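The structure appears right after this line, and notes come after that.
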Amino acid sequence: MESLVIQGSTKQERYESLLPQIASVVDGEADLIANMANVAAMLHETFDFWWTGFYRVEGEELVLGPFQGPMACTRIRKGRGVCGTAWAKAETQVVPDVDKFPGHIACSSASRSEIVVPVFREGMVIAVLDIDSAELNTFDQTDRLHLEQIVQLLKA
Ligand code: SME
């Protein structure tokens, strides 16, 4: 595949157009970091998010991984912020307004809403996918459903 071709006007249609293209890119590559890099790039390009990327679990911390967007915090402790909470609870966090999330870590003051999806390997969280929007209320169950499918494709 040479470049991304996204069809559809609704969010659902755009995810449905994106999913097989991610599957095809990830299918031919076993390296997790390379796949995270392409998934971040493809999501970022499709939806024009503010920040799209991964943090990887390293011991008791999350460490910044492949991402698209402005520079970000490099290390986040377990249970801290939205990312650390998604890791500790092993559950997707949908945050309509980051100012109302206790302990939210503001890597960028432009970020207004956020979704964080855990990436599992053998039942353990080994990374999280973090997406930030510069607008409130960007993420809903449509994002959650499709992003959970997308991280499964990573075959972490
Ligand atoms: N806001 C996140 C930190 C990561 S940056 O947004 C890229 C959090 O509270 O975990």
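Can you tell me which residues in the range 49-106 are in contact with a helix residue (DSSP H, G or I) (Cβ under 6 Å, 6 or more places away or on another chain), near the ligand (Cβ under 10 Å from one of its atoms) and of a type in the set (Val, Ile, Thr)?
The answer is THR52, ILE76, VAL95, ILE105.
Exactly one condition in (1) more than 11 Å from the ligand (Cβ to nearest atom); (2) at pLDDT 95 or above; (3) exposed (fewer than 12 other Cβ atoms within 10 Å of the Cβ) is not met by GLU2; state its number.
With respect to (1) more than 11 Å from the ligand (Cβ to nearest atom); (2) at pLDDT 95 or above; (3) exposed (fewer than 12 other Cβ atoms within 10 Å of the Cβ), GLU2 is out only on (2).
Is the range 117-124 home to any residue that is buried (at least 21 other Cβ atoms within 10 Å of the Cβ) and either away from the ligand (no atom under 13 Å from the Cβ) or in a helix (DSSP H, G or I) (or both)?
Yes, that holds for at least one residue.
Scanning the range 125-140 for residues that are over 13 Å from the mean Cα position of the chain (by Cα) and in a loop (DSSP other than H, G, I, E, B), which turns out nearest to LEU64 (Cα to Cα)?
Of everything passing the filter in the range 125-140, ALA134 is nearest to LEU64 (Cα to Cα).
Quick one: is GLN21 surrounded by 16 or more Cβ atoms within 10 Å (Cβ to Cβ), touching a residue at least 12 places away in the same chain (Cβ under 8 Å) and either closer than 13 Å to VAL116 by Cβ or not acidic (Asp, Glu) (or both)?
yes
Checking the structure you have, find out if any residue of the range 130-140 is of a type outside the set (Ser, Thr, Tyr) and at pLDDT below 95.
No, that holds for no residue.
Just wondering, is there one or more residues in the range 93-114 that are more than 22 Å from ASN137 (Cβ to Cβ) and of a type outside the set (Phe, Trp, Tyr)?
Among the residues of the range 93-114, not one is more than 22 Å from ASN137 (Cβ to Cβ) and of a type outside the set (Phe, Trp, Tyr), which makes the answer no.
Within the range 1-18, which residues are without any contact (Cβ under 8 Å) to a residue 12 or more places away in the chain, over 19 Å from ARG144 (Cβ atoms) and not polar (S, T, N, Q)?
Listed by number, the list holds a single entry, GLU2.
Would it be correct to say that LEU147 is under 15 Å from the mean Cα position of the chain (by Cα), buried (at least 19 other Cβ atoms within 10 Å of the Cβ) and of a type in the set (A, V, I, L, M, F, W, C)?
Judged against the criteria, LEU147 is a match.
Test of understanding: among ALA110, ALA106, ALA90, which residue is in contact (Cβ under 8 Å) with a residue 40 or more places away in the chain and surrounded by fewer than 16 Cβ atoms within 10 Å (Cβ to Cβ)?
On inspection, the qualifying residue turns out to be ALA110.
Where residues in the range 54-78 are surrounded by fewer than 18 Cβ atoms within 10 Å (Cβ to Cβ) and of a type in the set (D, E, K, R), which of them is farthest from GLY103 (Cα to Cα)?
Restricting to residues being surrounded by fewer than 18 Cβ atoms within 10 Å (Cβ to Cβ) and of a type in the set (D, E, K, R), the top hit is GLU58.
The values are calculated or read from the model by the stated rules, or taken from the named source; none is laboratory data. These numbers come from a predicted model, not from an experiment. Counting neighbours? That spans all protein chains shown, and the Cβs are built from the backbone with ideal geometry, glycine included.
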